[in-house]
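The values are calculated or read from the model by the stated rules, or taken from the named source; none is laboratory data. Not measured: the values here are computed from a predicted model. Glycine also receives a Cβ, built like all others from the backbone with ideal geometry; neighbour counts cover every protein chain displayed. Please note that ligands, DNA and RNA were not included when accessible areas were found on the heavy atoms of the full protein model with its side chains. Shrake-Rupley method; radii C 1.70, N 1.55, O 1.52, S 1.80 Å.
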Amino acid sequence: MDDAPGMQFLSSHGKSKSGNDVIFSWFARYQNAAAAGADAVNGTVGALLEDDGSLAINTVVDSALREAPPVEFAAYAPLKGLPNFLDLAQTLALGEHRGALEGLGVNGMATASPGGSGALFLAASNFAERGESVLLRDRHWGPYTGFLKGCNLEIATYPLLPEEEQPDHPNFDANGFQNALESLATTQSTVMTWLNDPAHNPTGLSLPSESRYALLNLFMESATRHEDVGHTLLIDAAYHLYADEPHGWAETIHEALENGLPWPENLLICFAVSLSKSHTIYGLRTGALVCIHPEEATLEKLREVMGVTGRQTWSAAPRIAQYVLSEMHASEEGGASWSEERDRLASLLIERREAFVAACDELEVPVNPTHDGFFAWYECSDPVAVAEACADMHVYLVPLSGGVRIGLCAIPLKQIPKVAEALKATQQ
């Protein structure tokens with residue numbers, strides 16, 4: 001018998017789960033430094049903080065939650081989600097382009113999930129054959145690995161950025177994506193790619209319209225040539241409502257169809273929607289998987305599959321935020337009030353990003369292109385060494401594969417220059 005603690009109880013796949021979340025371990029180091037009296041900078045967490053360090057909360061959402069009837073807190077939600085919330089989720093994913101897409105015959109459905117993470121699990125569990133690989137950028141949110149591994153899936157990658165910039169499709173390695181896509185399409189029965197865009201975690205990168213179009217065109221073309229291989233393009237929209245083009249992907253899909261690109265029957269486009277960031281309700285775990293496709297029969301089957309998956313995994317997603325947010329957004333006044341407060345919170349991110357980029361430019365610190373959302377990124381060969389050197393100056397960042405994530409969402413504006421100074425010091 002294995003003498004290691006717990007080994008006699010754990011299955012083989014259970015034994016393979018180990019380690020601590022790197023983000024929370026570095027956050028703990030910040031907390032310890034701050035508790036000891038250091039003038040510490042917290043660039044670790046993935047939640048939006050006010051400049052005084054308190055959690056930023058959309059007061060409109062908070063007020064609406066506190067006024068909800070008790071039964072909405074206590075009752076189960078339907079297994080697939082409250083109907084009004086499922087309708088709202090589609091609108092949050094597609095925005096003002098939803099009607100135009102429906103006019104072109106593109107239909108939609110949604111399934112409620114415990115946050116955006118639940119939506120990712122629904123996709124991982126159902127859209128890729130066990131043992132096959134899912135295509136990601138080589139810089140991606142770390143928990144993707146766990147979601148996929150838990151579903152017995154592997155990872156294939158393509159470069160976040162091209163080696164040489166391409167004016168026709170900026171910040172997109174079209175050749176790398178096409179080659180990786182073709183490799184999977186010729187060796188697997190399914191192809192799925194997860195694309196966190198706009199406001200990519202961990203870099204803050206957002207693809208412009210021409211790059212979105214190029215990627216979509218390559219994916220549609222692959223689906224057309226490999227008609228027996230299911231193709232799923234999943235847009236992880238966790239931060240999209242803080243982006244300059246929040247519904248850029250819906251606009252690009254509409255543009256492609258209007259330009260005559262055919263929608264292959266074996267192509268599915270999904271959006272993993274999270275209400276955590278956009279509505280500052282991280283702990284209420286509310287999100288949805290939105291799927292669009294021209295065939296209603298296809299979507300009806302997906303409703304069944306996703307409902308069953310949710311039932312067998314978490315039963316039903318939490319009800320209260322589904323109810324409150326669908327009620328709030330149902331009125332023009334409620335939606336406008338939320339939007340005004342969201343804009344205030346977004347301005348914190350815009351000011352911090354502009355200050356960070358300016359400080360890095362002044363100090364000649366080469367940070368990656370960063371446009372929207374919660375994060376910025378410093379590419380380096382030894383991320384742990386860089387993070388440790390920054391920690392010596394009481395600047396706490398997160399070392400990840402290939403670089404260091406800078407949580408602009410958590411850093412007060414006045415401390416932004418110190419982050420640039422710490423990164424500069426690591427170069428000397």
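Report the net charge of residues surrounding G307, where surrounding means a beta-carbon distance below 14 angstrom and charges are Lys +1, Arg +1, Asp -1, Glu -1. Spell out each step's value before the answer.
Working: positive: K80, K301, R303, R311; negative: E300, E304.
Its environment carries a net charge of +2.
Which shape class applies to the range 233-366: rounded if a/c is under 1.5, otherwise prolate when a/b exceeds b/c and oblate if not, where a ≥ b ≥ c are the square roots of the Cα gyration tensor eigenvalues? Mind showing how you got there, number by number?
Numbers: a/c = 1.96, a/b = 1.35, b/c = 1.46.
Oblate, because a/c is 1.5 or more while a/b does not exceed b/c.
Over the range 298-402, calculate the relative contact order: mean separation of alpha carbon pairs under 8 Å at least 6 apart, over the residue count, as a percent.
Details: 45 pairs, mean separation 12.9, N = 105.
Relative contact order, the range 298-402: 12 percent.
Short version: ³J(HN,Hα) in whole Hz for each residue of the range 144-152, in order, from phi by Karplus 6.51 cos²θ - 1.76 cosθ + 1.60 (θ = phi - 60°), x for Gly and Pro, what are they?
Along the range 144-152, the couplings run 3, 4, x, 4, 6, 4, x, 9, 6 Hz.
Less than 19 Å from a label point 7 Å out along the Cα-to-Cβ axis of E300: which backbone N atoms in the range 104-129 qualify, by residue?
105-111
Among N32, L86, L104, pick out the residue whose Cα is farthest towards the positive end of the charge dipole of the chain, where Lys and Arg carry +1 and Asp and Glu carry -1 on C-beta, about the Cα centre.
N32
Nothing charged except the Cβ atoms of Lys and Arg (+1) and of Asp and Glu (-1): what's the magnitude of the dipole of the chain about its Cα centre? Round to the nearest 20 debye. Present the calculation step by step, with values, prior to reporting the outcome.
Details: 26 positive and 56 negative charges, 318 e Å.
In debye, rounded to 20, the chain gives about 1520.
Residue-wise, which Karplus ³J(HN,Hα) couplings in Hz belong to the range 159-169, taking 6.51 cos²θ - 1.76 cosθ + 1.60, θ = phi - 60°, and x for glycine or proline?
With coefficients 6.51, -1.76 and 1.60, one gets x, 4, 10, x, 5, 10, 5, 10, x, 6, 8 Hz.
Per residue, how many Å² of accessible area does the range 108-257 show with a 1.4 Å probe?
Numbers: 5030 Å² over 150 residues.
Spelled out: the 1.4 Å probe surface of the range 108-257, per residue, equals 34 Å².
What ³J(HN,Hα) values, in whole Hz, does the Karplus curve 6.51 cos²θ - 1.76 cosθ + 1.60 give for the range 283-290 when θ = phi - 60°, with x put for Gly and Pro?
Calculated HN-Hα couplings, in order: x, 7, 6, 10, x, 6, 9, 9 Hz.
Considering Cα pairs under 8 angstrom that are at least six residues apart, work out the relative contact order of the range 175-275 and quote it in whole percent. Before the final figure, lay out each step's value.
Working: 134 pairs, mean separation 34.3, N = 101.
Contact order relative to length: 34 percent.
For N196, which sequence-distant residues (separation of 5 or more, or a different chain) have an amide H within less than 5 Å of its own amide H, given hydrogens modelled in the peptide plane?
Amide H to amide H, under 5 Å and 5 or more residues apart or across chains, N196 pairs with D236.
Evaluate E = 1/(1 + (r/R0)^6) for E221 and E388, where r is the Cβ-Cβ distance and R0 equals 51 Å; express this FRET efficiency to the nearest 0.05.
Details: r = 45 Å, r/R0 = 0.89.
Between E221 and E388 the formula returns 0.70.
Can you pull out the GluC sites (Glu not before Pro) in the range 335-428 that DSSP calls coil and that have at most 13 other Cβ atoms within 10 Å?
On the way: sites: E340, E341, E351, E354, E362, E364, E379, E388, E421; in loops: E364.
Sites meeting the loop and neighbour criteria: E364.
Going down the list K80/K277; K15/K80; K149/K277; K80/K149; K149/K424, which pairs span over 30 Å between their C-alpha atoms? Can you show the working numbers first?
Numbers: K80/K277 22 Å; K15/K80 32 Å; K149/K277 25 Å; K80/K149 25 Å; K149/K424 36 Å.
Correct reply: K15/K80; K149/K424.
Ignoring everything except DSSP H segments at least 4 long, calculate the 222 nm mean residue ellipticity for the chain; use -39,500 (n - 2.57) per segment, divide by total residues, nearest 500. It would help to have the intermediate numbers written out before the result.
On the way: 16 runs with 191 residues, N = 428.
Taking each H run of at least 4 residues, the total per residue is -14000 deg cm²/dmol.
Loop by DSSP (not H, G, I, E, B), at most 15 other beta-carbon atoms within 10 Å: where is the longest site-free stretch of the chain for trypsin sites (Lys or Arg not before Pro)?
Working: sites that count: K17, R130.
Formally, the longest exposed-site-free interval is 131-428.
Using Cα-Cα distances under 8 Å and only pairs 6 or more residues apart, what relative contact order does the chain have, in percent? Intermediate results must be reported in sequence, preceding the final value.
Numbers: 791 pairs, mean separation 109.4, N = 428.
Relative contact order for the chain comes out at 26 percent.
So if each residue of separation counts as 0.36 nm, and I subtract the Cα-Cα distance between Q428 and D51, what length gain in nm does that give?
Working: separation 377, 0.36 × 377 = 135.72 nm, distance 3.00 nm.
Fully extending the segment from Q428 to D51 adds 132.7 nm.
Between A358 and A74, 0.36 nm times their residue separation minus their Cα-Cα distance comes to what? Working shown, then result.
Numbers: separation 284, 0.36 × 284 = 102.24 nm, distance 4.88 nm.
Contour length minus the Cα-Cα distance gives 97.4 nm.
May I ask you to list the GluC sites (Glu not before Pro) in the range 189-230 that are in a DSSP loop and have at most 15 other Cβ atoms within 10 Å of their Cβ? Numbers along the way, then the final one.
Numbers: sites: E210, E221, E227; in loops: E227.
When the GluC sites (Glu not before Pro) of the range 189-230 are filtered for loop state and at most 15 Cβ neighbours within 10 Å, E227 remain.
Find how much the distance from E332 to Q312 grows on full extension, using 0.36 nm per residue of separation minus their present alpha carbon separation; answer in nm with one decimal.
Working: separation 20, 0.36 × 20 = 7.20 nm, distance 3.69 nm.
Full extension from E332 to Q312 adds 3.5 nm.
Can you tell me the dipole magnitude for the range 311-428 around its Cα centre, using point charges on the Cβ only (Lys, Arg +1; Asp, Glu -1), in Debye to the nearest 20?
Values: 10 positive and 17 negative charges, 90 e Å.
So the magnitude is around 440 debye.
Among S209, C151, S337, pick out the residue whose Cα is farthest towards the positive end of the charge dipole of the chain, where Lys and Arg carry +1 and Asp and Glu carry -1 on C-beta, about the Cα centre.
Of S209, C151, S337, it is C151.
Carbon and sulfur together cover what percent of the accessible area of the chain at a 1.4 Å probe radius?
Numbers: 9210 of 18290 Å².
C and S fraction of accessible area: 50 percent.
Under 10 Å, Cα contacts only: if you run a Gaussian network model on the chain, which one of W194, W338, W377 comes out with the highest mean-square fluctuation?
Of W194, W338, W377, the most mobile in the Gaussian network model is W338.
For a test of the definition: using alpha carbon positions, the gyration tensor, and the 1.5 limit on a/c, classify the chain as rounded, prolate or oblate.
Working: a/c = 1.33, a/b = 1.22, b/c = 1.09.
Because its axes are fairly even, with a/c under 1.5, the chain counts as rounded.
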